[in-house]
Amino acid sequence: MDIYQNKLRNPRVIIYSVPEETTVDNIGATIMAQNPEIITNDETIEAKFRFKNKRGRYNIVMEVGPQTRKQILQAKLKIGWNICKAADYLVPTRCFKYSRFNHKQYECKGEDTCPHCTGTHKMKECTTTISEQKCINCIAYNKHSKEGKINENHSALSKDCPSLQAVLKRYRENVQY
């Protein structure tokens, strides 16, 4: 039997509304050149990916060290001619086959479960009204929890889901701040 201590992950930060010409390859150098107040203390700044939001603006997700994260979140970043805001990037993995957290659809051994009503059909086939929705994650929490019961009357895709908030809390605990 091997004993080891889990290594804390580096935090991820999302930078909003970066200029279109800024890429994953040049964002680290651009931040360091235009923001001299950010001192990395030999911590890595690694851009993970860039994506376009619904408004057509680009956002970049970066993995940084804990001290660098603190400095980035306290400052407004100068990137090109723009002033960009940053925030923590926390997104739990979710299975869209079984509607549960911490695994992906291709790893899932569960059966198809509708995220709106917990039925054994796909979401496209669901005819449940909003008032009849049930969250499979909150049902499982209430079944196994000895603490107080939480509200189950919402979709598993809801951003206000108490189970989602609990997962995000665990993510924050496993990230080195």
Normalised per residue, the volume of the convex hull around the Cα set of the chain (Å³)
186
Given the Cα-Cα distance of residue 128 and residue 160 and 0.36 nm per residue of separation, how much length would full extension add, in nm?
9.6 nm
GluC sites (Glu not before Pro) in segment 80-177 lying in a DSSP loop, each with at most 13 other Cβ atoms within 10 Å of its Cβ, come to 111, 147
Trypsin sites (Lys or Arg not before Pro) restricted to DSSP loop in segment 105-177 with at most 14 other C-beta within 10 Å
109, 122, 146, 149, 159
At most 13 other Cβ within 10 Å, DSSP loop - chymotrypsin sites (Phe, Trp or Tyr not before Pro), segment 24-81:
81
To the nearest 20 debye, the chain has a Cα-centred charge dipole, built from +1 on Lys and Arg Cβ and -1 on Asp and Glu Cβ, of 420
Go through 7/109; 52/85; 104/124; 143/169; 54/122; 52/76 and tell me which ones have a Cα-Cα distance over 23 Å in this structure.
7/109; 54/122
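We did not get these values from a lab; they are worked out from the coordinates using the rules stated. If you're wondering where the values come from, they're calculated on a predicted model, not measured in any experiment. Neighbour counts run over all protein chains shown; Cβ positions are idealised from the backbone, glycine included.
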